Amino acid sequence: MSFDTLIVNGTVVTATDTSRADVAISGGRVVALGESLPRENCKQIFDAKGKYVLPGGIDVHTHLDMPFGGTRSADDFETGTRAAAFGGTTTLIDFAIQYKGQTLRTAFDDWMSKAESKAITDYGFHCIITDLPDAQMEEMPQLIRDGVSSFKLFMAYPGVFMLDDASIFRAMRTASKHGGMICMHAENGGAIDVIVRQALAEGKTAPKYHALTRPTTAEAEATSRAIALAEMAGSPVYIVHLSCNDALEKVREARDRGLPVYAETCPQYLYLSLEDMEKPGFESAKYVFTPPLREKWHQEKLWSGLKNDHLQVVSTDHCPFCFKEQKELGKDDFTKIPNGGPGIEHRMSLVFSGGVASGKFSVNRFVELVSTTPAKTFGLYPRKGTVAVGSDADLVIFDPNREHTISVKTHHMRVDYSMFEGIRVKGMPDVVFSRGRVLVEGDKFNGRPGSGQFIKRATYAGV
Ligand code: URP
Ligand code: ZN
Ligand code: ZN
């Protein structure tokens, strides 16, 4: 018996188990797990003594090469997946946008052409639906069969992305009948629009008004409405980028009633707060994304939600815009600042550091939040999201003791600032494998654009 690659002496961590085992890789898959596996004729051996061997991270919420607010997100599928790999993320699910009047298939084809020759890690797509006449509704089952088994709908951004309740309800019914999942951007866009127009009329144009015009109640109301619509439709629902305790309470109540309701939060809501919106001048434009930053006390509630499974996933909502020339589009009017922030590279370290290293939850729960539950919820499991014989060898040798200060000076994202500048994390990826290929080893990058594969995802089967 000989293997392509062996990882020896490491501690293998899955969502349920922690064990001392060697991991053998051949043909891009894990082929054996066990103590003292034979090393003869093995092409390469990695020593993971004192380190964890984790399933590769799965980021189910990214926006690469996305047109938005008169510009385009700064990372494409090459730079974005490269940065993801440096951070230990080996699969991502990006959002393919169907613009009004387009077919859903056009959205899928457009995003495939952005990704296929560039992606370094594996990837899949959700489809953002902005317009749902009967013809597009009829396309949903075929898209699900083609592996795009989830759809993002917006209750915010009227006139751009927002769908009315009837369309949302119909989409939920169709998705659930065919094993699809609805991901919901839950904010009351109508009410927010009124508050925004009033702020502008009063001359309140600075970036902080982006946050102050989007109250937590608008998020809680929409979250509650999304859950009610899903309950009536008999469908699961996944609330994206949940930012505050008010919305979390709605999710917790629904889950306590046994409804198939899931929610993610993102590192920016765990580490940053409204205080960052008080930075001088135009600086706070760096933190203009939606939902916005909240008062600091929400952070502890979100961490506790992650620990207690009221929240199931941490994704990034990576949607980078450079400060120069992109964020600056809104210098005189916060509504013109492109919404979004960069985070694809630091999710694993930020969640490990704030969650595990600081003693809030176990390393198994960490794996569950950043890899296993994303895989299970979005039809990637067990091919991805665990370390098991037969699974893809998407693996991370992770050093729980290595410390790092996050900075624009050292990050790999194609953006001119870091949302997490100066934050010191404990826990960093050392070696990152995608289907057995070494993408990153320390500071060295070995990936190749185009080597990432589109992953046809299975239908939702309950988690
Ligand atoms: O501000 C954000 N979150 N930009 C990306 C689009 C979205 O709503 O997820
Ligand atoms: Zn959104
Ligand atoms: Zn997003």
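The values are calculated or read from the model by the stated rules, or taken from the named source; none is laboratory data. Note that this is a predicted model, so its numbers are computed, not measured. Here the Cβ is made from the backbone with ideal geometry for all residues, glycine too, and neighbour counts use every protein chain on show. Only protein heavy atoms, including side chains, enter the accessible area calculation; ligands, DNA and RNA are left aside. Shrake-Rupley method; radii C 1.70, N 1.55, O 1.52, S 1.80 Å.
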Positive dipole terminus of region 371-463, leading residue within PHE420, THR386, ASN446 (C-beta point charges): THR386
Packing rank of 430-441, 30-41, where each peptide gets the mean count of other beta carbons within 10 Å, highest leading: 430-441, 30-41
Chain lengthening between ALA388 and GLU283 when straightened (0.36 nm per residue, less Cα-Cα): 33.2 nm
Region 31-52 and region 133-162: distance between their alpha carbon centers, rounded to Å: 44 Å
Signed unit charges on C-beta, dipole axis of the chain, positive-most listed residue LEU212, VAL60, VAL370: VAL370
Cross-link pairs beyond the 18 Å C-alpha cut-off, checked among LYS286/LYS426; LYS250/LYS296; LYS384/LYS456: LYS286/LYS426; LYS250/LYS296
Per-residue ³J(HN,Hα) for region 296-308, Karplus 6.51 cos²θ - 1.76 cosθ + 1.60, θ = phi - 60°, Hz, x for Gly and Pro: 4, 4, 5, 4, 4, 5, 5, 4, 5, x, 5, 5, 9
Percent carbon-and-sulfur accessible area, the chain, ignoring ligands, DNA and RNA, probe 1.4 Å: 49 percent
Distance histogram for region 1-80 (every C-alpha pair counted, 10 angstrom bins, percent rounded to whole numbers): 17, 35, 19, 18, 10, 2
Beta bridges per DSSP with both ends in the chain, % antiparallel, nearest 5: 45 percent
Separation in nanometres of the label points that stand 7 Å from Cα toward Cβ, at HIS404 and MET232: 4.7 nm
Degrees, to the nearest 10: 245-256 long Cα axis against longest axis of the chain: 70 degrees
Total lysine pairs whose alpha carbons fall under 22 Å of each other in region 96-196 (8 or more apart, or interchain): 4
Under the Debye formula (equal points on every Cα, no solvent term), log10 I(q)/I(0) of region 162-302 at q = 0.09, 0.17, 0.22 Å⁻¹: -0.30, -0.92, -1.29
³J(HN,Hα), Karplus 6.51/-1.76/1.60, whole Hz, each residue of region 38-44, x for Gly, Pro: x, 9, 4, 6, 6, 6, 8
Restricting region 222-257 to trypsin sites (Lys or Arg not before Pro) in coil, as DSSP defines it, with at most 12 other Cβ within 10 Å: ARG257
Between 0 and 90°, nearest 10: helix 165-177 axis offset from the chain longest Cα axis: 30 degrees
Signed unit charges on C-beta, dipole axis of the chain, positive-most listed residue TRP297, ASN401, TYR460: ASN401
Cut-off under 5 Å, modelled amide H: who pairs with PHE46 long-range: LEU6, ILE7, VAL8
Largest to smallest principal axis extent of the C-alpha atoms in region 398-463, angstrom: 41, 31, 28
Cβ-derived FRET efficiency at R0 51 Å, TYR99 paired with LYS296, nearest 0.05: 0.85
Amide H within-cut-off set for VAL440, under 5 Å, with H built and near neighbours excluded: VAL432, ASN446
Ordering of 88-95, 390-397 by packing [mean C-beta count within 10 Å, highest first]: 88-95, 390-397
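Go ahead and run the numbers for FRET between SER19 and ASP443, Cβ-Cβ distance against an R0 of 30 Å, rounding to 0.05. Could you put the intermediate results ahead of the total?
Details: r = 30 Å, r/R0 = 0.99.
Taking R0 as 30 Å, the efficiency between SER19 and ASP443 is 0.50.
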Cβ-placed point charges (K, R +1; D, E -1), dipole of region 103-177 about Cα centre in debye, nearest 20: 180 debye
Calculated [θ] (222 nm, deg cm²/dmol) that DSSP helices of n ≥ 4 give over the chain, each run adding -39,500 (n - 2.57): -8000 deg cm²/dmol
Semi-axis lengths, Å, the chain, gyration tensor of Cα atoms, sqrt of 5 times eigenvalues: 35, 25, 21
In sequence order, calculated HN-Hα J values of region 151-164 (Karplus, 6.51, -1.76, 1.60; Hz; x Gly/Pro): 9, 9, 10, 10, 9, 10, 6, x, x, 10, 10, 5, 10, 7
Coil-residue trypsin sites (Lys or Arg not before Pro) of region 374-411, DSSP, other Cβ within 10 Å capped at 15: LYS409
Å² per residue, accessible surface of the chain at 1.4 Å: 35 Å²
Other-chain or far-sequence residues with amide H under 5 Å of ALA263's (modelled H): ILE239, GLN312, VAL313
Descending semi-axes in whole angstrom, ellipsoid equivalent of region 136-198, from the Cα gyration tensor: 27, 10, 9
Accessible area of TYR52 in the full protein assembly, 1.4 Å probe (Å², nearest 10): 50 Å²
